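S.K.: One structure, as structure tokens, below. Some questions next.
Please treat every number below as a calculation from the coordinates, not as lab data. Keep in mind that what you see is a predicted model, and the values were worked out from it rather than measured. So basically every Cβ, Gly included, is an ideal-geometry build from the backbone, and we count neighbours across all protein chains shown.
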Amino acid sequence: MKKAIVVSTHTAQFNAVAFKGNLEANLARVASLGYDGAELAIRDPRAVDAEALVGLVRKYGLGVPAIGTGQAWGEEGLSFTDPDAGVRRAAVERVKSHVPLASRFGAVIIIGLLRGIVRPGVSREQAWAWMVEALRECAEAALSANVRIAIEPINRYETTLVNTAAEGLAVLEQVGLPNLGLLLDTFHMNIEEPDIHESIRAAAPRLFHFHVADSNRWYPGAGHLDFPRIVATLREVGYDGYVSVEAMPMPDGDTCAVESIKAMRAWGL
């Protein structure tokens, strides 16, 4: 397994990002701390100079395990379950627009809150159907480019759709495409999963990416989660991808990054 941390390519409202702002300085810092990769949070690929970004990542010897899409929800309100068909279409097209860059990096495209919530006046069944339809279209578009997409189960306080690994697996079953998998996040799992370790085991065949933050969403070690045991379970199921820090920048981003990599090294990563 390799070590990564989330870096936003631009300033962003989303709080659980240790580094945002000066992209080159942040990538340099991530590399200097010993991370293997930078998971990139990108609101809109059109706002990114792809060639310059590829050059920066190579300059600092980093991999890009995944591209996060959540800023399109947080800052533009795009989602797969909006009652407005135009908004739903824009959300799908935004995900598809990430495919070329994801292909260049060999990165997974993450679907977090972009999948949406159950809006007032919309039944859960209808919202679920819209979400599945959108995921299928996105996965089909990514398949020809050999790009994988991962949907992230998120806790009930943030969304009413896909809160658990079991619900995520049900979505994968309905979509029926091999390049759609799961991203599991320890912060959300601590809230929703009856047994974190059993959920990892159940998701293992379709586990594409893994996020770590402690029970309080601070860096690993700042809360009560048993990360050595979690990592042992990941090893047990044969997970060999990236373990990526998506934590609140508390008490500040640099401390979060420093303490996180100390913890990851203690786990043997």
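S.K.: So for the chain, taking the charge dipole from beta-carbon charges (+1 Lys/Arg, -1 Asp/Glu), which of Pro120, Met250, His209 sits furthest toward the positive end?
M.R.: Highest projection toward the positive end goes to His209.
S.K.: Continuing with this model, one more query. Semi-axes of the equivalent ellipsoid for segment 61-190, please: Cα gyration tensor eigenvalues, times 5, square-rooted, ordered largest first, whole Å.
M.R.: After diagonalising the Cα gyration tensor, the semi-axes are 22, 16, 14 Å.
S.K.: Test of the criteria: in segment 1-99, which GluC sites (Glu not before Pro) are in a DSSP loop and have at most 10 other Cβ atoms within 10 angstrom of their Cβ?
M.R.: Loop-located and lightly packed - none at all.
S.K.: Find how many whole Å separate the alpha carbon centroid of segment 229-248 from the alpha carbon centroid of segment 121-156.
M.R.: What the calculation gives is 24 Å, centre to centre.
S.K.: Count the lysine pairs in segment 2-266 that are 8 or more places apart or on different chains: how many have C-alpha atoms under 25 angstrom apart?
M.R.: 10
S.K.: Further question on the same structure: So how do Ser79, Ser103 line up by other beta-carbon neighbours within 10 Å, fewest first?
M.R.: Final ranking by Cβ density, sparse to dense: Ser103, Ser79.
S.K.: Ranked by Cβ crowding within 10 angstrom, fewest neighbours first, how are Glu246, Glu173, Glu133 ordered?
M.R.: Result, fewest neighbours first: Glu173, Glu133, Glu246.
S.K.: Here's a follow-up. Taking the inverse of the average 1/r across all pairs of different Cα atoms in segment 2-266, what Kirkwood radius in Å do you get?
M.R.: 18.3 Å
S.K.: Continuing with this model, one more query. Test of understanding: ordering Met1, Met131 by Cβ neighbours within 10 Å, fewest first, what list do you get?
M.R.: Lowest count first: Met1, Met131.
S.K.: Express as a percent, rounded to the nearest 5, the fraction of DSSP beta bridges in segment 2-266 (both residues included) that run antiparallel.
M.R.: Antiparallel bridges make up about 0 percent of those DSSP assigns within segment 2-266.
S.K.: Also, I was wondering about something else. About its Cα centre, what dipole magnitude does segment 2-266 give when the only charges are +1 on Lys and Arg Cβ and -1 on Asp and Glu Cβ, stated in debye to the nearest 20?
M.R.: The calculation lands at about 500 debye.
S.K.: Then there's this: Give me the mean projected area, in nm² to one decimal, of the convex hull enclosing the Cα positions of segment 81-133.
M.R.: One quarter of the hull surface, i.e. the mean projection, equals 3.7 nm².
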